[in-house]
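A.B. asks: Sharing a structure with you now.
The values are calculated or read from the model by the stated rules, or taken from the named source; none is laboratory data. These numbers come from a predicted model, not from an experiment. Here the Cβ is made from the backbone with ideal geometry for all residues, glycine too, and neighbour counts use every protein chain on show. Keep in mind that these areas ignore ligands, DNA and RNA; they rest on the heavy atoms of the full protein, side chains included. Shrake-Rupley method; radii C 1.70, N 1.55, O 1.52, S 1.80 Å.
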Amino acid sequence: MPNMPNMPIKQHEIKQHYLLLAGIILLSTALRFTGLAAKPLWLDEILTTLFSLGHSFNHIPLDRIFSLAELPNIFTFNPQATCPQIAETVSRESTHPPVFFCLLHSWLGRMKPNATLPDIVWQVRSLPAFFGVATVAAIYLLGRVAFSPNTGLIAAAFMAVSPFAVYLSQEARHYTLPLLFITLSLTRLIQIQRDFANQSRVKPKTWIPWVIFNTIGLYIHYFFILVLAAQIGAICLWQIWQNYQTVTETEKFNIISIISQLIRKFIPAILPFSFCGLPLIFFLPWLSVLLQHSSRQETEWFKPFEPSWLDYIVPIYQIIMGWVLMAIALPVENQPLWIAIPSGLFMVGFAIVLGRYIWQNLPQLYQTSGLQKSSIILSLFTLLILAEFLIIVYILGKDITSAVRYHFIYYPSICVLLAACFTDKSTNENNSSQTTNKKWQFSEKTVILIGLLSSIFVVGGLVFQKPYHPALVAKHLNLEPEKPLMVIVGHENFQEVALGLGFAASLYRQRHQTLSPPTYWLFADRTEGYHTLWPKLPTVENMPSNQSLNLWIVAPGLRQREYPENLLLASSNCTIDRNQYYRIGIPYQLYRCSKT
């Protein structure tokens, strides 16, 4: 009876806890679904859209002129496409596993038929946004299992407003789905470690979901191989450390004795974790496709275009910037200096303060009973992922750090460890190291507010701007909306076609109300070189004749000086306009055509 008065209070706290969680999930939903169709599709999103609609590149009119008014016909849903067909297309025309594209095709099949192009943009981004919201719920579970319910709540809040997480959720790409499965698999990994520590065995109900999560993850994104390897590595290193603790003080001074004992004990200690190899076994049917994809030309963009000594320094900077952007992202890209400089300085200052706070508080997690094991496993996982990044960059020569989005593979562990630094400080207030330098300590509410502000900038398109800036390119192409317009895009691979389609979709968006002036588009094969392409232009099918128009040549791989002074289109002579040359990733040049 004496405890009765406390029961209503406890129930009230539990209710408040879950109300806060519901509010966090609602906030994450609002941030991820706001303005989904406002930003243009870029190259990678175009690829996702085409394959998920059930099409291949055979569906795109190549080497013949078509009207931009026909563009929506390219982005129509194909109800006859099946998952095996999509998988076959992806294996042939892309460098990714098939599961996400099949899921998105099924999702699109349940949407409104005969959707307009803006509707399609919303539809293909809505599924990743939904997975992004689901990951917020999953990160709560990971934080709760690894540390405490309050850690789970703070981790969910951090992810809900993280500009990095919001950015990933608004991309029509397969990032939030593997992010969800990484979070779920880490949750099981923590439980696997606990099962073995408590009972010297791992329960099937614990390891079977882990195997399922990792197997599905391998069929969603190839980087899940890094995730799987890091999880297995974290467990192995933990077992080695546990065995090292059993070595006597005398033996610890004998390196040979330590190594022999660790080797002798390692195999029996690892045998209970033999299930860790099952995801790779289940992935064998797709392994030959992976090996084929790894040597494709599309992966060459990871290599530096012009190698220099900076290639050894830039990846480290890019990794650090990836960490910063997980917490704060203010307008810096393509902004006037009076905005970019203060924003950049504030980001650096905030990152330093937050980094110092983590540096002071993270060690407490390794020293606190009940938190140590989870902290070590998540930290080992993170460090192994970073080691894999560095191996890929410095040994394999492919700079995957150049794309900030790829940091998603270890973001859940970073998020939860950060939340734990804030959550569990109250339990260690008597620790002298915890109470020093109070001026450097700040509330998790500060991180949440800064994240919320940053996410608003993400939703508004002011940060994480689309690569190749399709909207800006389209604005340049639409220089004179009242004049007939023709755009020729040189291509030698599917990615350049997708790049051109991104520009076409943005131009259609800007020009569709005024398509009365004819607007033409041509994907021209440049495989044999531009010098062989120019003479063929007058003979291209459906080439417009007897009219003046603006002609833009989008020419990947062409230098400005290599654009010819004049081009001939049927009965039109086109003269270069040297004042209208741009290069945003690739060059594009205006020609003014008149009747001959």
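A.B. asks: Given the conditions (1) surrounded by 22 or more Cβ atoms within 10 Å (Cβ to Cβ); (2) at pLDDT below 90; (3) within 40 Å of the chain's Cα centre (by Cα); (4) of a type in the set (S, T, Y), which single one is not true for S506?
C.D. replies: (2)
A.B. asks: From the residues in region 572-587 that are of a type in the set (S, T, Y) and over 19 Å from S67 (Cβ atoms), which one is surrounded by the most Cβ atoms within 10 Å (Cβ to Cβ)? Break it down into steps so the answer makes sense when it comes.
C.D. replies: Keep residues of region 572-587 that are of a type in the set (S, T, Y), which gives 572, 575, 581-582.
Next cut, over 19 Å from S67 (Cβ atoms) only: 575, 581-582.
On the way: T575: 14, Y581: 14, Y582: 17.
Filtering region 572-587 for residues that are of a type in the set (S, T, Y) and over 19 Å from S67 (Cβ atoms), the one surrounded by the most Cβ atoms within 10 Å (Cβ to Cβ) comes out as Y582.
A.B. asks: Y312: at pLDDT 70 or above and among the aromatic types (F, W, Y), yes or no?
C.D. replies: Values: at pLDDT 70 or above: yes; among the aromatic types (F, W, Y): yes.
The answer is yes for Y312.
A.B. asks: Further, regarding this structure: Quick one: which of A134, A155, A115 is out of contact with any Pro (no Cβ under 7 Å at 6 or more places or on another chain) and open to solvent by less than 10 Å² (accessible area, probe 1.4 Å)? Before the answer, list the steps.
C.D. replies: On the way: A134 fails: open to solvent by less than 10 Å² (accessible area, probe 1.4 Å); A115 fails: open to solvent by less than 10 Å² (accessible area, probe 1.4 Å).
Residue meeting the stated conditions: A155.
A.B. asks: Separate question: Would you mind stating whether E429 is at pLDDT below 95 and more than 24 Å from V136 (Cα to Cα)? So that I can check it myself, show each step before the final result.
C.D. replies: Working: at pLDDT below 95: yes; more than 24 Å from V136 (Cα to Cα): yes.
Yes: the conditions hold for E429.
Let's see how each residue does on (1) part of a loop (DSSP other than H, G, I, E, B); (2) aliphatic (A, V, I, L, M); (3) open to solvent by 40 Å² or more (accessible area, probe 1.4 Å):
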| position | (1), (2), (3) |
| --- | --- |
| W359 | no, no, yes |
| Y366 | no, no, yes |
| G370 | yes, no, yes |
| S379 | no, no, no |
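A.B. asks: Here are some conditions: (1) surrounded by 15 or more Cβ atoms within 10 Å (Cβ to Cβ); (2) among the hydroxyl-bearing types (S, T, Y); (3) under 26 Å from L218 (Cα atoms). T82 meets all but one. Which one does it not meet?
C.D. replies: (1)
Listed here are the residues, each with its yes/no results for (1) assigned to a helix (DSSP H, G or I); (2) within 16 Å of A197 (Cβ to Cβ); (3) modelled with pLDDT under 95.
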| site | (1), (2), (3) |
| --- | --- |
| I216 | yes, no, no |
| I220 | no, no, no |
| A229 | yes, no, no |
| C236 | yes, yes, yes |
| Q239 | yes, yes, yes |
| I263 | yes, no, yes |
| F266 | yes, no, yes |
| P272 | yes, yes, yes |
| C276 | yes, no, yes |
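A.B. asks: Name the single residue that is most open to solvent (accessible area, probe 1.4 Å) among those in region 226-244 being farther than 13 Å from G277 by Cβ and β-branched (V, I, T).
C.D. replies: So, considering only residues that are farther than 13 Å from G277 by Cβ and β-branched (V, I, T), the one most open to solvent (accessible area, probe 1.4 Å) is I240.
A.B. asks: Only one of F457, F464 is in a helix (DSSP H, G or I) and open to solvent by 10 Å² or more (accessible area, probe 1.4 Å); which? Break it down into steps so the answer makes sense when it comes.
C.D. replies: Values: F464 fails: in a helix (DSSP H, G or I).
Of the residues listed, the single one that is in a helix (DSSP H, G or I) and open to solvent by 10 Å² or more (accessible area, probe 1.4 Å) is F457.
A.B. asks: Any idea which of (1) open to solvent by 20 Å² or more (accessible area, probe 1.4 Å); (2) over 35 Å from the mean Cα position of the chain (by Cα); (3) at negative phi; (4) not hydroxyl-bearing (S, T, Y) is the one E492 doesn't satisfy?
C.D. replies: Among (1) open to solvent by 20 Å² or more (accessible area, probe 1.4 Å); (2) over 35 Å from the mean Cα position of the chain (by Cα); (3) at negative phi; (4) not hydroxyl-bearing (S, T, Y), E492 violates only (2).
A.B. asks: Considering only residues that are over 15 Å from P128 (Cα atoms) and polar (S, T, N, Q), look in region 172-188 and name the one that is surrounded by the fewest Cβ atoms within 10 Å (Cβ to Cβ).
C.D. replies: Selected residue: T187.
A.B. asks: Do you know which residues across region 356-393 are of a type in the set (G, A, S) and in contact with a helix residue (DSSP H, G or I) (Cβ under 8 Å, 6 or more places away or on another chain)?
C.D. replies: Filtering region 356-393 for residues of a type in the set (G, A, S) gives 369-370, 374-375, 379, 387.
Within region 356-393, S374, S375, S379 meet the criteria.
A.B. asks: Would you mention how many residues in region 26-53 are open to solvent by 10 Å² or more (accessible area, probe 1.4 Å) and either farther than 15 Å from A498 by Cα or among the acidic types (D, E) (or both)?
C.D. replies: 12
A.B. asks: Here is a further query. Looking at (1) free of Cβ contacts under 8 Å to residues at least 24 places away in the same chain; (2) among the polar types (S, T, N, Q); (3) under 30 Å from S288 (Cβ atoms), which one does T49 not meet, given that it meets all the others?
C.D. replies: Condition (1) is where T49 drops out.
A.B. asks: Among the residues of region 534-564, what is the count of those that are open to solvent by 10 Å² or more (accessible area, probe 1.4 Å) and free of Cβ contacts under 8 Å to residues at least 60 places away in the same chain?
C.D. replies: 12
A.B. asks: Quick one: which residue in L567, L590 is assigned to a strand (DSSP E or B), modelled with pLDDT of 95 or more and either crowded, with 17+ Cβ neighbours inside 10 Å or under 38 Å from the mean Cα position of the chain (by Cα) (or both)?
C.D. replies: After applying the criteria, what remains is L590.
A.B. asks: Given the criterion within 25 Å of D195 (Cα to Cα) and of a type in the set (F, W, Y), identify the matching residue among F389, F381.
C.D. replies: On the way: F389 fails: within 25 Å of D195 (Cα to Cα).
Going through F389, F381 in turn, the sole match is F381.
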